[in-house]
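Bear in mind these aren't lab numbers, they're just calculated from the coordinates by the rules spelled out. As the structure is a prediction and not an experimental result, all values here were calculated from the model. With ideal geometry, Cβ positions are generated from the backbone for all residues, glycine too; neighbour counts draw on all protein chains shown.
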Amino acid sequence: MAYFADLTPYAYSHTGEEIVWREWGELSYRPRYERRNVGWLAAPHPFEQGPVPAWFAGALLDIIDGPAVNECRGLHECEFCPPGTGPIAHPRPSRNWLAYYEIRVPAEPGVMFAAPSLIWHYVTAHDYRPPTAFVEAVRRYDAGWAAEPSPWIPPDAERDLWDRTGESPRPPGPRSTRWSALSRRSAPTPGGSPAGAAATPGPPSRSRP
Ligand SMILES: [Zn+2]
C-alpha cells in the first residue's frame with residue numbers, strides 16, 4: 001500500500017472525489033474539507049509505536065464498521081506481517097476484509113482524518129500509535145457525519161441508489177469495477193482465500209435488507 005506520513009495532506013485518491021458507501025447507496029462529492037493522512041503505513045518506513053488507551057481499538061473498529069469511503073482500492077496486505085499472511089480478515093462478521101476501503105474521522109471544523117481500514121490491524125497487531133489528535137478524534141467520533149444534513153456533505157453531492165429490484169444488480173458503467181471489490185464483502189467465509197472470495201460475483205448482501 002502507498003506510504004504517507006501521518007498528518008500530511010491526503011493524496012491517495014487521484015480523482016479528488018470522496019465516495020461514501022451507505023446502506024442505501026453511494027454518496028459521491030468533491031470534499032470541501034481538508035483531509036489529513038493517518039495510518040498509511042508501509043515497509044520499510046518506520047512508524048510510531050506505543051500504548052494506546054484501552055478503549056481505542058474497539059472505538060476504531062466501530063468507526064471501521066460505519067461509512068466506508070473510497071472502496072475498491074484493491075485488497076492490500078499488511079507489509080509488516082510475515083510474507084504469505086494474505087489479506088487481513090475483519091474481526092467482526094459484518095465485513096470480510098480490512099483492506100479495501102478507507103475511513104474518515106472528523107478532526108476539527110473543515111478537517112477530516114483519512115485512514116485506511118487496515119489501521120485497526122496496525123494498532124492491534126503492530127503496536128502502531130496514531131497521533132494523539134487522531135486518538136482524541138476517535139474518542140469524540142460522531143457517526144452522523146455522513147448522514148445528511150451534515151456540514152461534511154456538500155449540497156451538490158451525487159447520490160447513487162442501490163437497485164433493489166433484484167433484476168439488475170447495477171447498471172454497467174465506469175464504476176462497475178467497484179463491484180468486484182464489494183462482492184468480497186458478501187463472500188461466505190471471512191478468513192477464506194481471497195481468490196475464492198473474489199470469484200463470488202454479486203452485489204453486497206448488506207445493501208439489500
Ligand atoms: Zn500485519
Kindly list the number of the only condition in (1) more than 16 Å from the ligand (Cβ to nearest atom); (2) surrounded by fewer than 20 Cβ atoms within 10 Å (Cβ to Cβ); (3) among the hydroxyl-bearing types (Ser, Thr, Tyr) that fails for TYR10. (2)
In the stretch 43-56, anything within 14 Å of the ligand (Cβ to nearest atom) and either on the phi > 0 side of the Ramachandran plot or of a type in the set (A, V, I, L, M) (or both) is listed as ALA43
Kindly evaluate ARG95 against the criterion of being among the basic types (Lys, Arg) and under 20 Å from ILE19 (Cβ atoms). yes
Residues (in a strand (DSSP E or B) and within 16 Å of the ligand (Cβ to nearest atom)) located in the stretch 99-139: ALA115, PRO116, TYR128
Scan the stretch 78-98 for residues that are assigned to a loop (DSSP other than H, G, I, E, B) and surrounded by fewer than 21 Cβ atoms within 10 Å (Cβ to Cβ) and jot them down. GLU79, PHE80, CYS81, PRO82, PRO83, GLY84, THR85, GLY86, PRO91, ARG92, PRO93, SER94
For the stretch 70-86, check the following and say yes or no: at least one residue is more than 11 Å from the chain's Cα centre (by Cα), away from the ligand (no atom under 16 Å from the Cβ) and not basic (Lys, Arg). yes
